[in-house]
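Structure record follows, encoded as structure tokens.
The values are calculated or read from the model by the stated rules, or taken from the named source; none is laboratory data. The structure presented is a predicted model; accordingly, all values stated were derived computationally and were not measured. We place every Cβ from the backbone using ideal geometry, glycine too, and count neighbours over all the protein chains shown. For the accessible areas, the whole protein counts, side chains as well, though only heavy atoms, and no ligand, DNA or RNA atoms are used. Shrake-Rupley method; radii C 1.70, N 1.55, O 1.52, S 1.80 Å.
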Amino acid sequence: MPPSVRKRKAVQESRTGAVDPHSVKTRASEQLDNATVMEEGTEQEAINSAAELHNGADQSHGEKPADAARAEFGAESGADEATSLTAVKIRGRPGGVSIEMGEGDWDDLIKALDERLSAAEGFFRGGRAVLELGPREASEERLRQVRVILVRHDMTLGIVKSTARRTLQAALMLGLSTSSEAEEPVPAEPAMAPVVAITQPQSPYFVHNGTLRSGQVLRKAESVVVLGDVNPGAQVISAGDVMVWGRLRGVAHAGAAGNKKAVVAAIEFSPTQLRIAGVAAIAPESKKTGRGLKFWQKPPERRPEVAYIADGRIVVEPWDDSRPGRPKTVRR
Amino acid sequence: MPGTVITVTSGKGGVGKTTTTTNVAVALAMAGKRVVVVDADIGLRNLDLVMGLESRVIYDLVDVVEGRCELQQALVRDNRVEALHLLAAAQTRDKSDVGIQQMVSVCKALSQTADYVIIDSPAGIEHGFQSAIAPSDRVLIVTTADVSALRDADKVIYLLERDWKHQPGLVVNRYNAQLSRDGELRDIDDILDILSIDLLGVVPEHKSIVLATDRGQPIALNRRHYVSQAYHNMAQRVMGNNVPLMDFREPGFFNALARLFGR
């Protein structure tokens, strides 16, 4: 999920929750310093809708948003731990996560890292970490400790950065990539890379570039965007939404994990079969295209359409171009 | 420079792979190219029937692979055109008797002396299909306008793109221009819309093709017949020349009138 959405949610939680909004906010900006800075005093409506959007996404992944927000910012930690907690900095970066180990006793730092990652409740899951150690000399054993913790949180240790030669050598012994520059990390892989880890709800969208042909099945936990056609005989299955930037003629199944708020949308909407959560529908009679019409007959207008569940049934209607992202009648 | 190996395939059976193979090969040979056609449908051989060379087949592909004869011995020469040869399939054997590697080496050897090696693939997407695709430089997909043929063609294109990185060319066979003009059946544009690959040729539905195929006299040999133009155009496009699609209407007084009125 985009950091900005998560942050908005945190702000909203803090307003409703018992925690003092300002302190949480400052901590939030400190921790997610790469996130787009949200302006103060945004209308409550925007925040609410963002939170709602977020909750919708969460349902399918089985997270508990309220707990996650509180835990992530660790507001209730004791004073001692707070020092080592701040010594470990975890930042989201394009293409991965950067973990910076500051001053302090190594064992405390390791403990703090573990706590921070547990507190994040899988927010960084599937991420590729860049470990920044600065001038610290770390042995092979110590790096191994970090790796064990990262693996426990479903993350991978990609690059070790340090100015100390010994640390770099230890990293090389462990078969890790190293970098001696202390400057901003360059993503080791294209930003798409973590998205390929399909079962991870880390990125909310999976983009398939190209046409899905007969016999092809695209099955993802994230929402799916197809840049191309979905031909008859092909299937797109997603726990989130299915968006087809082209012709949808195959089978589309949105909200496959039971999310009834999922939608299916396509530029040209003529699926063989449509499923959202547990509801299925077959396509209405296909409209006649321009060919074969008498000269006085007008070809039917083709517009992008979107399908969603209303009153337990699948409804298809034109995509509302005045409010992109929403069907005309329901405002979710 | 070794010649080009072209595989003709379709997924679905009965759409006209063998007819297309034969006629394109004849048209290429008539254009002065050295052509060898290979029947990869082992166990269900019929390329030799369609080409009218059945009685002259002595050795077949399996004999070559198992070393019972030289490759050149197994080639049957077609006397009606300049340089057209056939390598027949075995009727009594099985697809598994020719491995993918063996198929590749046979075709490679053939392409040393020929400009075009054209492989007639069996229907389906199993072993026979795999070994027919493995040696190819280019693939032609034959389809009709039927739903089932299109669906299978789509699947085959998917497999080709995924496993072989091929960009196949499309041949629309048995095209009924009248039905399509009336809007009853999908037309070329609709077909291309679904399959989204390059069009290599369109062959109109015509009884002469059926009869010619049945008699072992490929229609492409008869240049005076208007439908044979479809195959000669296709051969030109295979050779890299850009020629427009033919007019699918049979020549004649009434059709000339219809053309005047734009129908």
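Quick notes on this structure:
- Within chain B, the ratio Rg/Rh, alpha carbon atoms throughout and Rh by Kirkwood, equals 0.97.
- Built amide H within the under 5 Å cut-off of A:LYS220, gap 5+: A:ILE237, A:SER238, A:ALA239
- When the surface is traced with a 1.4 Å probe over the full set of protein chains, B:LEU71 keeps roughly 30 Å² accessible.
- Relative to the Cα centre, the charge distribution of chain B, modelled as +1 at Lys and Arg Cβ and -1 at Asp and Glu Cβ, gives a dipole magnitude of about 620 debye.
- Sorted largest first by accessible area at a 1.4 angstrom probe radius, with every protein chain in place, the residues B:GLU161, B:GLU66 fall in the order B:GLU66, B:GLU161.
- FRET efficiency for A:LEU174 and B:LEU199, using Cβ-Cβ distance with R0 set to 41 Å, rounded to 0.05: 0.15
- Backbone N atoms of segment A:213-247 closer than 16 Å to the 7 Å Cα→Cβ label point of B:VAL147 belong to residues A:214-215, A:231-234.
- Paramagnetic label zone (point 7 Å from Cα along Cα-to-C-beta, B:ASP94; backbone N under 14 Å) in segment B:116-141: B:127-128
- Once the Cα atoms are used to define both axes, helix B:147-159 deviates from the longest principal axis of chain B by about 50 degrees.
- Span from the segment B:188-259 Cα centroid across to the segment A:202-274 one, whole angstrom: 38 Å
- Largest to smallest accessible area among B:ARG45, A:ARG303 [probe 1.4 Å]: A:ARG303, B:ARG45
- With the whole protein complex present, B:ASP97 retains an accessible surface near 50 Å², based on a 1.4 Å probe.
- Of the whole protein surface, B:GLU205 contributes about 100 Å² of accessible area at a 1.4 Å probe radius.
- Residue pairs, from the table A:LYS220/B:LYS155; B:LYS108/B:LYS207; A:LYS89/A:LYS261; A:LYS111/A:LYS161; B:LYS12/B:LYS207; B:LYS12/B:LYS108, whose Cα atoms sit over 30 Å apart: B:LYS108/B:LYS207; A:LYS89/A:LYS261
- Protein heavy-atom accessible area occluded, A/B pair - total, 1.4 Å probe, Å²: 1200 Å²
- Pairwise Cα distances in segment B:81-150 exceed 18 Å in 46 percent of cases.
- The residues A:GLU100, A:GLU137, A:GLU317, sorted by heavy-atom accessible surface at 1.4 Å with ligands and nucleic acids left out, run A:GLU137, A:GLU100, A:GLU317 from largest to smallest.
- Coarse-grained scattering of segment B:31-110 at q = 0.15, 0.18, 0.26 Å⁻¹, given as base-10 log I(q)/I(0) from a Debye sum over alpha-carbon atoms: -0.48, -0.69, -1.37
- Label-point gap, in nm, between A:ARG219 and B:GLU82 - each point 7 angstrom along Cα→Cβ: 5.5 nm
- R0 of 56 Å, Cβ-Cβ distance B:GLU66-B:GLN167: FRET efficiency to nearest 0.05: 0.95
- Cut-off 18 Å (backbone N to label point 7 Å along Cα→Cβ of B:GLN112), residues of segment B:1-42: B:1-5, B:34-37
- Placing R0 at 45 angstrom, the Cβ-Cβ distance between B:LEU44 and A:VAL315 gives a FRET efficiency of 0.35 after rounding to 0.05.
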